[in-house]
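Report on the structure given below.
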Amino acid sequence: MALWDQWVEAALVKLASKNLMRSTRPISLTPAAAVHFSADEVETFDGPRQWDRSSVEVEMDERTFREWLSELPDPGGESIAKDENVSRKLLLFSGNDYLGLSSHPAVRKAAAKAAQEHGMGPRGSALICGYSNYHMLLEASLAELKNKEDCLLCPTGFAANVAFMSALGSICSLLAVGGRPSEDQKIAIFSDALNHASIIDGIRLVERQQEAEVFVYRHRDMVHLNALLSCCKMAKKVVITDSLFSMDGDFAPISDLVELRKKHGFLLAIDDAHSTLVCGENGGGLLEVYGCESDVDICIGTLSKAVGCLGGFVACSNKWKQLIQSRGRSFIFSTSLPVPIVAASHASLVVARKEKWRRTAIWSRVDDFNALTRLNITSPIISLVIGSEKAALCASRHMLESGFHITAIRPPTVPPNSCRLRITLSAAHTFEDIKKLVAALSLWFVFPAADQNAQIAPKL
């Protein structure tokens, strides 16, 4: 990876020569911000408490509930009476709060204290006045979690991917004579076919700037990726993939990617959004599970999934951080995260590190679902592919009427004729919740018998 280090260093030198290097300068918020972030001050617990239920139990007023039902096809063709007494309490199986941390008292307390003392904080972009000692400490904590030299906070996970991609593309423009890279000077980006929309949109931005050629490899197909890499004569190669795919619930073949990186010398970027805090002994994500943090150059993540808050980040080297904060447009031109959100996110990281039972609990729910359905799911994301949009909407209606908040996933989120129910499990769910869920699903899906392959079929 020495070549990539050289290219990034050269790009930074070029930026410096043009006075285009940008740095964040933290505003010090007092009094005693560090006390509020102290791990010793964060109260944790040894098991579920009543507040955990609020992250998986939601209520909906009757009118909204009926309006939602009226938008969904009814297999029986019956209209909903205006005075129908329908349930308004729903079990949430469609969120991304995998550890149930959004409702944790320590997270609430951290946000409230920061808001009381600082309001929403200095409102501006991070490069102007929106960066504080709160932001700086959260970045240090995330860098430690991901075992990286540094970290850059972004407004969202979407913005983090776009910021990285736009900074990546700028390398060849900065190094090209006249600012227009020739074909062999462009960056070759290899992207999994099922990567998240934020990665795809970031790539499109780089393409539009004529800074990259893009090669899409078949989902998780390392033979196809190796063939594409072998045929590519461009020097600057990048492979980017989700670690845990949000719509299919399967994992990227990290070990194989690491081996291909050694063979081809590409820059490896991983979007670890859905496995951060969920996977690994310390919640470091899929890279911690495989012990390959040093083999992954860029780790992108979010604070709006298992962290239970809002925001995104790029964990990387110090030089990459300098480049992204100088050329990453979605970082430069966005208002920084509000201080209460940053405070809550830091508290959430502390809780996740201390309350290891939460990771045990969510993987126990995965085992429960597998045992009850005989499906071979491998993550807290369960994708029940149905097919047509109408069938998926009918299934969603059935689950809604059964007391479950589960929505149909349709195009453009997924390709046509692959519509599905996307179910997500949480550490706040109980075994009884899973039993009720499977019972309701069993009225719509045929699950395999003990001696059958792990496949489902909708009852249509």
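The values are calculated or read from the model by the stated rules, or taken from the named source; none is laboratory data. Remember, it's a predicted structure, so these values are computed and weren't measured experimentally. Cβ: placed from backbone, ideal geometry, glycine included. Neighbour counts: every protein chain shown. Each accessible area value is taken on the protein alone, full model and side chains, heavy atoms only, with ligands, DNA and RNA left out. Shrake-Rupley method; radii C 1.70, N 1.55, O 1.52, S 1.80 Å.
For the range 365-429, dividing the convex hull volume of the Cα atoms by the residue count gives 94 Å³ per residue. As a check on your grasp of the helix formula, calculate [θ] at 222 nm for the chain: sum -39500 (n - 2.57) over DSSP H runs of n ≥ 4, divide by the residue count, round to the nearest 500. Helix-only estimate at 222 nm: -12500 deg cm²/dmol. Placing dummy labels 7 Å off each Cα toward the beta-carbon, the span from residue 390 to residue 317 is 5.7 nm. The GluC sites (Glu not before Pro) of the range 273-308 that meet both conditions, a loop assignment by DSSP and at most 16 other Cβ atoms within 10 Å of the site Cβ, are 281.
In this structure the amide hydrogen of residue 213, modeled in the peptide plane, comes within under 5 Å of the amide hydrogens of 187, 188, 189, none closer than 5 places in sequence on its chain. Label-to-label distance for residue 116 and residue 59 is 2.6 nm, based on points extended 7 Å past Cα in the beta-carbon direction. Once the Cα-Cα distance is subtracted from the 0.36 nm per residue extended length, the residue 201 to residue 25 segment shows a gain of 60.4 nm. Accessible surface for the chain, divided over its residues, is 43 Å² per residue with a 1.4 Å probe.
Working ranking of peptides 94-101, 310-317 by packing, defined as the average number of other Cβ atoms within 10 Å per residue, highest first, is 310-317, 94-101. Can you work out the FRET efficiency for the pair residue 68 and residue 223, with r the C-beta to C-beta distance and R0 = 41 Å, to the nearest 0.05? It comes to 0.40.
Using a 1.4 Å probe on the protein heavy atoms, what percent of the accessible area of the chain belongs to carbon and sulfur?
Of all accessible area on the chain, carbon and sulfur atoms account for 50 percent.
When only alpha carbons of the range 120-271 are considered, Rg and Dmax amount to 16.9, 51 Å. Using the Karplus relation 6.51 cos²θ - 1.76 cosθ + 1.60 with θ = phi - 60°, the per-residue 3J(HN,Hα) values for the range 396-412 come to 5, 4, 4, 5, 5, 5, 8, x, 10, 8, 9, 9, 6, 9, 10, x, x Hz, with x marking Gly and Pro.
Potential lengthening of the chain between residue 289 and residue 371 amounts to 27.2 nm, from the contour at 0.36 nm per residue minus the alpha-carbon distance.
With only the Cα atoms considered, the range 322-460 has a convex hull volume of 184 Å³ per residue. Using the Cβ-Cβ distance between residue 208 and residue 231 with R0 set to 22 Å, the FRET efficiency works out to roughly 0.35. Stokes-Einstein diffusion for the chain at 4 °C, viscosity 1.567 mPa s, with a Kirkwood radius from C-alpha pairs, works out to 55 µm²/s.
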